[in-house]
1. Name the single residue that is farthest from the chain's Cα centre (by Cα) among those in segment 171-188 being at pLDDT 95 or above and open to solvent by 40 Å² or more (accessible area, probe 1.4 Å).
2. Considering only segment 151-164, I want to know if a residue exists there that is of a type in the set (D, E) and open to solvent by 10 Å² or more (accessible area, probe 1.4 Å).
3. Within segment 207-229, how many residues are surrounded by 16 or more Cβ atoms within 10 Å (Cβ to Cβ) and not small (G, A, S)?
4. Which residue out of A240, A254 is within 16 Å of L175 (Cα to Cα), surrounded by 17 or more Cβ atoms within 10 Å (Cβ to Cβ), over 16 Å from the mean Cα position of the chain (by Cα) and touching a residue at least 24 places away in the same chain (Cβ under 8 Å)?
5. Any residue at all in segment 192-206 that is among the aromatic types (F, W, Y), touching a residue at least 60 places away in the same chain (Cβ under 8 Å) and farther than 26 Å from D115 by Cα?
6. Starting from segment 257-273, take each residue that is among the charged types (D, E, K, R) and list its partners that are not in a helix (DSSP H, G or I), counting only C-beta distances under 7 angstrom and pairs at least six apart or across chains.
Amino acid sequence: MAEAGVLADPRDEGVDLGPEPGTIAEWLRAVLAHRSVLLVLAAKDFKVRYKRATFGVLWAVALPLLQATVMIVVFGRVARFETEAADYTSYVLAGMVAWSYVTSTVAAASTAIVDSASLTDKVWFPRALLVLSPVLANLIGLGITFSLVAVIELVRNGLSADVVLVVPAMALLVLLVTSLSLTAAALHVTFRDVRFIVQAGLMVLFYATPILYPIELLGDLEPVIAVVNPLAGVVDLFQAALAGTSLDGLAVGASVAWTAALTVVAVGLHHRRDRVFVDLL
């Protein structure tokens, strides 16, 4: 048995959780020690999602591309949205690469602990793994979507050296989604309204993020959106990498700051409350 307040290695026979949480380092070690559990959960999540679907994971690509096509036609041809620095089609496709990962992951991950209550009351493991499972599983769809959009852009306009920006763009996107999902999932255990807040928040963020329109159209609101919208900088990085737009340093810096702040909050919530989550389900 492990000492009180200390999270045990999965090879131990059991774990004795005391009245006070262990240190953050001990919690992080427990998460790493259970990485094999994470891989199993992620594989299960991926297989269940596309079970008996003829086209399987291709739906993860087809749906956002279909949505992007509709938006390009409606807003590019009907509403006449245009971008000075990039082709409008390229601009929307680049933004949708990031957005499709956000919407498919946050919606599932933010309620993962409560949705898996039948599993968590039978065996102990860091509940953060339930949240990280869809984050990891959806990386396959993200990789395929990015690759397809990159090929489309290569054929249509060619790719510039700015495509290397996709590396920090991917890293920032995954870190932001992870920290946001962990925070929402921890709060959802206590406040079940979080499920609906996340749904409403995603809807607002979609229209508040410069995917369909250049951020310059917001006028005086441009710096405000760049700072208060954590996704603005992430999407800007993808658009710079794939569509050749110029980087908005304020938006990117704000996204980095949001990610750092949410990571601190997420780690704090899971470190302190992980041992009591099962009692609140």
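1. A171
2. Of all residues in segment 151-164, those of a type in the set (D, E) come to 153, 162.
With open to solvent by 10 Å² or more (accessible area, probe 1.4 Å) added as a condition, the list becomes 162.
Checking segment 151-164: at least one residue is of a type in the set (D, E) and open to solvent by 10 Å² or more (accessible area, probe 1.4 Å).
3. Within segment 207-229, residues that are surrounded by 16 or more Cβ atoms within 10 Å (Cβ to Cβ) and not small (G, A, S) number 11.
4. Of the residues listed, the single one that is within 16 Å of L175 (Cα to Cα), surrounded by 17 or more Cβ atoms within 10 Å (Cβ to Cβ), over 16 Å from the mean Cα position of the chain (by Cα) and touching a residue at least 24 places away in the same chain (Cβ under 8 Å) is A254.
5. Step one: of segment 192-206, the residues among the aromatic types (F, W, Y) are 196, 206.
Among the residues that remain, those that are also touching a residue at least 60 places away in the same chain (Cβ under 8 Å) are: 206.
Those left that are additionally farther than 26 Å from D115 by Cα: none.
So far as segment 192-206 goes, no, none of its residues is among the aromatic types (F, W, Y), touching a residue at least 60 places away in the same chain (Cβ under 8 Å) and farther than 26 Å from D115 by Cα.
6. Pairs that qualify, where the first residue is among the charged types (D, E, K, R) and the partner is not in a helix (DSSP H, G or I), are R272/P21.
The values are calculated or read from the model by the stated rules, or taken from the named source; none is laboratory data. Keep in mind the model is a prediction, meaning the values are calculated, not measured. A quick note on method: Cβ atoms are made from the backbone with ideal geometry, for glycine too, and the neighbour counts reach across all protein chains shown. SASA here: full protein model, heavy atoms, side chains in, ligands and nucleic acids out. Shrake-Rupley method; radii C 1.70, N 1.55, O 1.52, S 1.80 Å.
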